[in-house]
Amino acid sequence: MFPLFATDAACRYAPMAEAFAEGNWSEAFHPRFGVGFPVIAGLIRFVTRCDGYSACAAASTLAWAFCAWPVYGIASRIWDRRVAWFAVILYVLCPQPLVWALKGLREPFKMLGVIMMADAIFSTRSQSWRAAAKAAVALCLLFMFKCDAIALGGVLAFVFALLDGFRWRTLVVALSGALALQPMCALVYSWTGYWLPAPHYVPLWQKAFGG
């Protein structure tokens, strides 16, 4: 078997991408897998007419490549540009993230969200709206691509808000995250009847509030 083959991508994500490209919305989304990945991979499948697995791999590889930008940003703020370029080279040479990407998994998007949020946190001292924009994009990535990253995204957003002094731009980040959760909430509601961002929160809700 080809060593980069991933059953998750082949059996789950690839059929969802193909369903999205064909306009079969009922098969394109599942509340456990987020809404972002089927959209990105489905658009690649629609434009290039490649198979669903290749579309997933292309989407993941794009996320992996974009990670180099916040890696450079973080390293340049801590050290200098020469060290930042060295950090990017080390990132590119690190095999595991690239394997995730070539397998068409969603982990590179989660990684991109985490690194972008870290870059935004390091940028809070600049008092720039650019930091808030990075945090907003990172939060949307964490909320829309991996259900298990929703809690992590919330914690990182709180750290950003705390270090930023809860300024007005922090509210923009929070609103962006809240909007990014709504498609997932709608999807979970259509399956379970609960307006929650992920199905594994339903038992917790029932235990806390009944129903």
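Computed quantities for the displayed model
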{"read-out": "At most 15 other Cβ within 10 Å, DSSP loop - chymotrypsin sites (Phe, Trp or Tyr not before Pro), the stretch 119-174", "value": "166"}
{"read-out": "Those lysines that a straight Cα-Cα span of less than 21 Å connects to residue 103, excepting residues fewer than 8 apart in one chain", "value": "146"}
{"read-out": "Whole-Å distance, taken between Cα centres, linking the stretch 74-91 and the stretch 143-181", "value": "26 Å"}
{"read-out": "Prolate/oblate/rounded call for the chain, Cα gyration tensor, a/c under 1.5 rounded", "value": "oblate"}
{"read-out": "Residue-count net charge about residue 113 - beta-carbon cut-off 14 Å; Lys, Arg +1, Asp, Glu -1", "value": "+1"}
{"read-out": "Computed label-point distance, nm, for sites residue 172 and residue 208 using a 7 Å Cα→Cβ extension", "value": "3.0 nm"}
{"read-out": "Local electrostatic count, residue 78, Cβ distance below 13 Å [Lys/Arg +1, Asp/Glu -1]", "value": "+2"}
{"read-out": "Relative contact order, percent, the chain [alpha-carbon distance under 8 Å, six or more residues apart]", "value": "18 percent"}
{"read-out": "Estimated FRET transfer efficiency when R0 is 30 angstrom, pair residue 78-residue 148 (beta carbons, to 0.05)", "value": "0.60"}
{"read-out": "Within the stretch 33-80, trypsin sites (Lys or Arg not before Pro) in DSSP loop having at most 13 other beta-carbon neighbours inside 10 Å", "value": "49"}
{"read-out": "Cα shape, the stretch 15-109, gyration tensor, a/c 1.5 rule", "value": "prolate"}
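We did not get these values from a lab; they are worked out from the coordinates using the rules stated. Note that the structure is a prediction, hence the values are computed from the model and not measured. Backbone-built Cβ (ideal geometry, glycine too); neighbour counts: all protein chains shown.
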